[in-house]
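What follows is a single structure, written as structure tokens, with notes after it.
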Amino acid sequence: MDRLRNIPKLDLILKDDRFQALIQKYGEKLVKLCTREGLDSMRAAILAGGEGENINIDLDTICCFTKRCMDDKSRSSLVNVVNATGVVIHTNLGRSLLSEKAAEAASRVARNYVSLEFDMETGDRGHRDEAAASVIRELTGAEDAAVVNNNAAAVLLVLAALSKDKDAVVSRGELVEIGGSFRIPDVMELSGAKLKEVGTTNRTRLSDYEKAISDNTGLLLKVHTSNYRIVGFNEETAISDLAELSGRTGIPLYVDLGSGSLMDTRDFSDEHEETVQEALKSGAGIVSFSGDKLLGGPQAGIIAGRRDLVDKVRNHPLMRALRPDKMTLAALEATLKSWLHEGGDHIPVREMLVKDKAVIREECIRLCDRLLSMGFEAIVREVSSASGGGTLPTVDIPSYGVHVRAKEGSGLSADDLKTLLRLGEDPVIARVARDEVVLDLRTVREWEMEILESKFALIANGWWKYA
Ligand SMILES: *Cc1c(COP(=O)(O)O)cnc(C)c1O
């Protein structure tokens, strides 16, 4: 097309004052790259015809294309989303939200030199996880604790440190796969521990463990069946029974607790999940759990228990490969202190789990009215929220949700509506059930309600037709 010939040469464009100002601010390399890419998209838009026919070929317009390209390049690819799924610990959406205090702590240490491995009293070198460990000791009654990058790392490290080339005795009912290809048997193999499976899928008795013990037994292992439950004709061996066997034989007992709750899960459900404190009190020698499941902190793996066992773990060479950074440790310490001093108040995971369903219902009614006024079909119904993240798989948390359908005759199915909510700015993640989009407001914060409403307003106005 002839018009395209009017586009000035790159060198000339960059000499212009507007572009020189950009170069001053962002450097020549980025501005050059983005001007080139901006020109490409401008040419493409003009060639595409339609609205593109009217694009002015002048330096103002080119500058706009350049700036848009720079915006795209500098924007983080991790965009904020509104989680309207009602799944509190949503692994694909980043699991736990940090509390304000935890986020502030991480942000502060990120920008400063800090006393990470420095004992301020003596000026000597210290352990980087000492601060977090001291709060964990206070919270759980453990003699000592260590912190690694996540619980998968904790499992690997504990097995490597305590059961390398030795048998780790575990029930067949507990050979779990957590998702994302984390399988206990695979990790055990990597650690160098030898898997000694006992019992059957649904029943494992103390005598099964007892019979498996030999001179080469390194560890009694119990894995919390986080993301599934064996119900019906089943029997598992309690931690206290295994602890008694451990005491009698001198073989350490390690319990992988998975989510590792510090709170009583009866605060929001009928089911009681063994807490970290209880597991240790029942006699587990060492336990591990996640920082970003029911604890509601950053991604981390916490190892706690007997001093001699934690020492072995901490001094293992793999520790160096698995150690967390200062931001994680700062956020974790702040989260643990909220549990210690405030019973977990202001920790988003806990707040969302215990949120009163009557409050959620009020919020749903308000949103429902707004959606009706925009022309959507909407109704408030009872729904079940989930804690998610492989925690409490059989627990339904009673909640309310707004069930939405597009206007009759709009041609939009529930799946289309769900997709439109996800696309464009301010994505909203929702689910579809029985041909309706379901918005469970348990996981939506107050200030996100506005975002949710404007997203629906845009859809009502048909934005995707013009985008
Ligand atoms: C979630 C889980 C893990 C893995 O923990 P991450 O913190 O996700 O690495 C390991 N074991 C059990 C039993 C779990 O539930």
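Computed with the Debye formula from one identical point scatterer per Cα of the chain, without solvent, the log10 of I(q)/I(0) at q = 0.07, 0.08, 0.11 Å⁻¹ comes to -0.51, -0.64, -0.98.
Backbone geometry of the stretch 429-438 corresponds, through the Karplus equation with coefficients 6.51, -1.76 and 1.60 at θ = phi - 60°, to 3J(HN,Hα) couplings of 9, 9, 10, 10, 9, 6, 6, 10, 7, 10 Hz, x marking Gly and Pro. The local environment of D119, defined by Cβ-Cβ distances under 14 Å, has a net charge of -3 under the rule Lys, Arg +1 and Asp, Glu -1. Whole Å is fine, so just give me how far the alpha carbon centre of the stretch 1-32 lies from that of the stretch 393-467. Cα centres, the stretch 1-32 to the stretch 393-467: 42 Å.
Subtracting the Cα-Cα distance from 0.36 nm times the residue separation, let me have the gained length for R5 to D435 in nm, one decimal.
Details: separation 430, 0.36 × 430 = 154.80 nm, distance 5.19 nm.
Residue separation times 0.36 nm, minus the Cα-Cα distance, leaves 149.6 nm.
A Förster distance of 51 Å, applied to the separation of the beta-carbon atoms of E104 and I365, puts the FRET efficiency at 0.90.
Figure note: R5, R18 ranked by solvent-accessible area, largest first, 1.4 Å probe, ligands and nucleic acids not counted: R5, R18. Report summary: the helix-based calculation at 222 nm, which adds -39500 (n - 2.57) for every DSSP H run with n ≥ 4 and divides by the residues of the chain, gives -12500 deg cm²/dmol.
Rounded if a/c is under 1.5, else prolate if a/b is larger than b/c, else oblate: which is the stretch 188-331, with a ≥ b ≥ c the root eigenvalues of its Cα gyration tensor? Don't skip to the end; give the middle numbers.
Working: a/c = 1.85, a/b = 1.15, b/c = 1.61.
Taking the square roots of the gyration eigenvalues as a ≥ b ≥ c, the stretch 188-331 is oblate.
Taking 0.36 nm per residue of sequence separation and removing the Cα-Cα distance, the E28/N80 pair yields an extension gain of 15.7 nm. When only Cα pairs below 8 angstrom with a gap of at least 6 residues are kept, the stretch 212-338 shows a relative contact order of 20 percent. Remark: spin-label model distance D416-K73 equals 3.8 nm, labels positioned 7 Å along the Cα→Cβ axis. The Cβ shell under 13 Å around K465 holds other residues with a net charge of -2, Lys and Arg each +1, Asp and Glu each -1. The listed residues L116, L245, once ranked by accessible area (1.4 Å probe) with the largest placed first, stand as L116, L245. Working from label points 7 Å from Cα in the Cα-to-Cβ sense, the H346 to M449 distance is 2.3 nm. Rounded if a/c is under 1.5, else prolate if a/b is larger than b/c, else oblate: which is the stretch 2-74, with a ≥ b ≥ c the root eigenvalues of its Cα gyration tensor? Here the stretch 2-74 falls in the prolate category. Using the 1.4 Å probe convention, the accessible area of the stretch 2-74 works out to 66 Å² per residue with neighbouring protein chains retained.
Annotation: extensible slack from E271 through N234 equals 11.6 nm (criterion: 0.36 nm per residue apart, minus Cα-Cα distance). What the pair-distance distribution of the stretch 100-344 shows, using all Cα-Cα distances binned every 10 Å from zero, is 8, 32, 36, 18, 5, 1 percent. Restricting to Cα pairs below 8 Å that are 6+ residues apart, what does the relative contact order work out to for the stretch 90-184? Please round to a whole percent. Once normalised by length, the contact order is 11 percent.
If you take the Cα centroid of the stretch 324-382 and the Cα centroid of the stretch 303-321, the two points sit 35 Å apart.
Computed over protein heavy atoms with a 1.4 Å probe, the carbon and sulfur contribution to the accessible area of the stretch 30-148 reaches 48%. For A238, no residue 5 or more places off, or on another chain, has a built amide H under 5 Å of its own. Accessible surface for R108 stands near 130 Å², nearest 10, in the context of the full protein assembly shown (1.4 Å probe).
Please list, in order, the residues from the stretch 1-31 whose amide nitrogen is less than 20 Å from a point placed 7 Å along the Cα→Cβ vector of E53. Of the residues in the stretch 1-31, 1-7 have backbone N under 20 Å from the label point off E53.
Taking R0 as 60 Å, what FRET efficiency do you get between D165 and D40 from their Cβ-Cβ distance, rounded to the nearest 0.05? Write down the numbers at each step before the final one.
Numbers: r = 59 Å, r/R0 = 0.99.
That pair, D165 with D40, gives E of 0.50.
For K337, the lysines whose Cα comes closer than 20 Å to its Cα, not counting residues fewer than 8 places off in the same chain, are K101, K293, K326.
On a per residue basis, the stretch 100-344 carries 45 Å² of accessible surface, using protein heavy atoms and a 1.4 Å probe. Listed by chain and number, the lysines whose C-alpha is less than 17 Å from the C-alpha of K196, apart from same-chain residues fewer than 8 away, are K164, K166, K211, K222. Among the cysteines of the chain, C63, C64, C364, C368 have no other cysteine beta carbon within less than 4.7 Å of their own.
Calculate how many DSSP beta bridges within the stretch 100-344 are antiparallel, expressed in % of all such bridges and rounded to the nearest 5.
Values: 13 of 31 bridges.
Around 40 percent antiparallel, to the nearest 5.
The values are calculated or read from the model by the stated rules, or taken from the named source; none is laboratory data. Since we're looking at a predicted model, the values are computed, not measured. Using ideal geometry, Cβ is built from the backbone for each residue, glycine included, and neighbour counts are taken over all protein chains shown. All accessible areas refer to the heavy atoms of the entire protein, side chains included, with ligands and DNA or RNA removed. Shrake-Rupley method; radii C 1.70, N 1.55, O 1.52, S 1.80 Å.
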